[in-house]
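Read through the structure below, which is laid out as structure tokens, and then see the notes.
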């Protein structure tokens, strides 16, 4: 099967997440991207381009345009929803409107909005115990794509 363009979605601005936790999440998104690259796919990690801390000079309008454009070009959105985020919700809805498939990722036991889980773009969910478990499951999901052309 072909190479996927994969948008890695996750909170970057959240008043309830402290600086250390946010840095851990950024590393988690990058680790997901590394798994995607190792499988021969093309990941897009938003904070590497429009991060509110690293790139404060980029206007909100430009961030919106950039992220919405990249989702529209993606075949798949891997969305970390373990922490609430307005932006991630918007990205999932954009994926739906562009026909892009979405896989939700979150820690086992986390309550996730039924609205998000019910979005027709969501084709799978990955519940994980820890980051390594999530990365293993992402790898398996991408292997299924390579083997049979489906992410389910």
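Between rounded, prolate and oblate, where does the stretch 93-146 land on the alpha carbon gyration tensor, with a ≥ b ≥ c its root eigenvalues, rounded for a/c under 1.5, else prolate if a/b exceeds b/c?
In terms of gyration-tensor shape, oblate.
Per-residue counts of other Cβ atoms within 10 Å, averaged by peptide: what ranking do you get for 141-148, 6-13, 91-98, highest first?
The peptides rank, most packed first, as 6-13, 91-98, 141-148.
Classify the stretch 5-148 as rounded, prolate or oblate from the Cα gyration tensor: take a ≥ b ≥ c as the square roots of its eigenvalues, call it rounded if a/c is under 1.5, otherwise prolate when a/b beats b/c and oblate if not.
Because its axes are fairly even, with a/c under 1.5, the stretch 5-148 counts as rounded.
Please check: in the Gaussian network model of the chain (C-alpha springs, under 10 Å), which one of 63, 88, 102 has the largest mean-square fluctuation.
63
Return, ordered by residue number, the residues of the stretch 94-109 whose backbone nitrogen is under 13 Å from a label point located 7 Å along Cα→Cβ of residue 30.
Backbone N within reach: none found.
Please compute the modelled spin-label separation between residue 13 and residue 112, points set 7 Å along Cα→Cβ, answer in nm with one decimal.
It works out to 2.4 nm between the two label points.
So, in Å, what gap is there between the alpha-carbon centers of the stretch 1-49 and the stretch 84-99?
15 Å
For the stretch 15-77, rounded, prolate or oblate, judged on the Cα gyration tensor with a ≥ b ≥ c (square roots of eigenvalues), a/c < 1.5 rounded, else prolate if a/b > b/c?
oblate
Using packing as a proxy for protection, rank 20-27, 131-138 so that the peptide with the highest average count of other Cβ atoms within 10 Å comes first.
With the highest mean Cβ count within 10 Å placed first, the list reads 131-138, 20-27.
Below 8 Å between Cα atoms, with a sequence gap of 6+, how large is the relative contact order for the chain in percent?
About 26 percent, as a whole number.
Rule-based calculations on the coordinates, nothing more; no lab input. All figures in this text were calculated on a predicted structure; none of them were measured in a lab. In this analysis, Cβ positions are derived from the backbone assuming ideal geometry, glycine residues included, and neighbour counts consider all displayed protein chains.
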